[in-house]
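The values are calculated or read from the model by the stated rules, or taken from the named source; none is laboratory data. Note that the structure is predicted; figures quoted are calculated from it, not measured. Every residue, glycine as well, gets a Cβ built from its backbone with ideal geometry; the counts of neighbours run over all protein chains shown. Accessible surface is based on the protein model in full, side chains and every heavy atom, while ligands, DNA and RNA are left aside. Shrake-Rupley method; radii C 1.70, N 1.55, O 1.52, S 1.80 Å.
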Amino acid sequence: MKYGEIDFETYFKNYPNKDGYFGKYGGSYIPDDLKAAMNEITEAYFTICKSSKFISELRRIRKEFQGRPTPISYLERLSSKVGNVQLYVKREDLNHTGAHKLNHCMGEALLAKYMGKKKIIAETGAGQHGVALATAAAYFGLECDIYMGAVDIKKQAPNVARMKILGANVVEVTDGLQTLKEAVDAAFAAYLKEYKDCIYCIGSVVGPHPFPMMVRDFQSVVGIEAREQFIDMTGGLPDAVVACVGGGSNSMGLFSGFLNDPVEIYGVEPLGRGSKLGDHAASLTYGSEGVMHGFNSIMLKDENGDPAPVYSVASGLDYPSSGPEHAFLRDIGRVKYDVVDDEETIDAFFTLSRLEGIIPAIESSHAVAYAMKLAKKMDTGSILINLSGRGDKDMDYIIEKYGIR
Ligand SMILES: *Cc1c(COP(=O)(O)O)cnc(C)c1O
């Protein structure tokens, strides 16, 4: 399918290009010695991850350990509540550890093993990426250092406990504001010292090349499965697919399966408390071009051009940028990006729980909220939503802040 200049028939061969660019977005804006380490990962990715041995081992792990394929569920009661449109969810909440993140963590850790590395390292904010990576490290018998700001360590005690139980080393970062940004800096600094023995595992389709490509490719299992399952279930394609966008990995996973189809694609960003800078994390909706964390994309900036403070009720979505491929797909118009706020999200959280017996992650509730609004606008048809994770992790917070509705 052609979209302006872009032919989606051959899209994955050409995007990103060999330097990691999706149009003008992406690339690798990092110090030279780090570039050498990233080049090693890129080369290994193209030789190892495309080999039939790697592919069949990853396929076996996905089936036997992760519980893939995850099903698609038809939301009968929610569909009839919102009108005439049929709503479906891809159940990444049923993936082992309760979210889509394990899809790329198992791929990254398997690559580390094939490269002969002893250790994997990463940063984490809310702790979801840290838990998924610690799980992968335990499975493969790799050491695992997770860098985390001291403030986040206090806030995310259950995830810190999970990482420690899984055998990961949680490294407390006490610089600056002691949150995600400082954790990223500390993890990169450690990686520069240790890159001979370890690889850095980024938690979304962000960061320098090759991570936006590699994480997308590992997550594409979501879209490949979903497309086939949806056709099996209904005899055709959905009219629209919807996913929440933080860094953009669960959404790129789903979207990649439908880019070459006559399907409307919607990425949903968190509007938080409102459209004022600092009250949301809707980078593709309100941001502008800029470089941060080693890549060029659309980002939210403060008056000095630095990453702006962001807010969302979903800690997995509060990142001041999104992956370069999203910026590209936005510019060419293939994917539409829109927002829902905290209130609509919490409403969707309870509605899906009550009507369908599925408690969604607050991140995923953004996609559900948007699909409910979209369904009211569409007369007929079907929408497939990516349910990126389960909401068990969010229950205490929601009950404390919003009560039972
Ligand atoms: C981390 C997370 C997200 C956001 O990350 P993306 O890279 O945008 O997918 C969404 N949903 C869940 C459940 C998460 O844990």
Residue 189 meets each of (1) open to solvent by 10 Å² or more (accessible area, probe 1.4 Å); (2) of a type in the set (A, V, I, L, M); (3) at pLDDT 95 or above with one exception, condition (3)
For region 1-16, enumerate the residues that are within 23 Å of the chain's Cα centre (by Cα) and either open to solvent by 70 Å² or more (accessible area, probe 1.4 Å) or assigned by TED's automatic domain parsing to the domain that holds residue 115 (or both). 12, 13, 14
What are the pairs with Cβ atoms under 7 angstrom where one residue, in region 304-332, is farther than 18 Å from residue 275 by Cβ and the other, located anywhere, is polar (S, T, N, Q) and not in a loop (DSSP other than H, G, I, E, B)? Sequence gap at least six, or different chains. 316/128; 323/297; 324/296; 324/297; 327/297
Considering region 376-396, residues that are under 19 Å from residue 258 (Cβ atoms) and surrounded by 24 or more Cβ atoms within 10 Å (Cβ to Cβ), and then whichever is nearest to the ligand (Cβ to nearest atom), we arrive at 388
Counting only residues that are open to solvent by less than 20 Å² (accessible area, probe 1.4 Å), assigned by TED's automatic domain parsing to the domain that holds residue 390 and farther than 27 Å from residue 187 by Cα, give me the strands (runs of 3 or more DSSP E) lying completely in region 257-360 with at least 2 of them. 264-272, 335-341
I'd like to know if region 127-147 contains one or more residues that are of a type in the set (A, V, I, L, M), open to solvent by 10 Å² or more (accessible area, probe 1.4 Å), out of contact with any Cys (no Cβ under 7 Å at 6 or more places or on another chain) and part of a helix (DSSP H, G or I). yes
Away from the ligand (no atom under 14 Å from the Cβ), within 23 Å of the chain's Cα centre (by Cα) and modelled with pLDDT of 95 or more, is that true of residue 110? yes
Tell me yes or no: at least one residue of region 80-100 is away from the ligand (no atom under 16 Å from the Cβ), buried (at least 20 other Cβ atoms within 10 Å of the Cβ) and part of a loop (DSSP other than H, G, I, E, B). yes
Selection count, region 365-381, where residues are in contact with a helix residue (DSSP H, G or I) (Cβ under 7 Å, 6 or more places away or on another chain) and of a type in the set (Ser, Thr, Tyr): 1
Filter region 111-123 for residues that are over 23 Å from residue 148 (Cα atoms) and touching a residue at least 24 places away in the same chain (Cβ under 8 Å); which is least open to solvent (accessible area, probe 1.4 Å)? 111
Please go through region 44-86 and give me each residue that is free of Cβ contacts under 8 Å to residues at least 60 places away in the same chain, of a type in the set (Ser, Thr, Tyr) and over 30 Å from residue 376 (Cα atoms), ordered by number. 47, 51, 52, 56
Region 215-252, residues that are within 13 Å of the ligand (Cβ to nearest atom), among the aliphatic types (A, V, I, L, M) and more than 12 Å from residue 384 (Cβ to Cβ): 215, 245, 252
Mind listing whichever residues of region 57-67 are open to solvent by less than 20 Å² (accessible area, probe 1.4 Å) and away from the ligand (no atom under 16 Å from the Cβ)? 58, 61
Go through region 24-56 and give me each residue that's crowded, with 18+ Cβ neighbours inside 10 Å, assigned to a loop (DSSP other than H, G, I, E, B) and among the small types (Gly, Ala, Ser). 27, 28
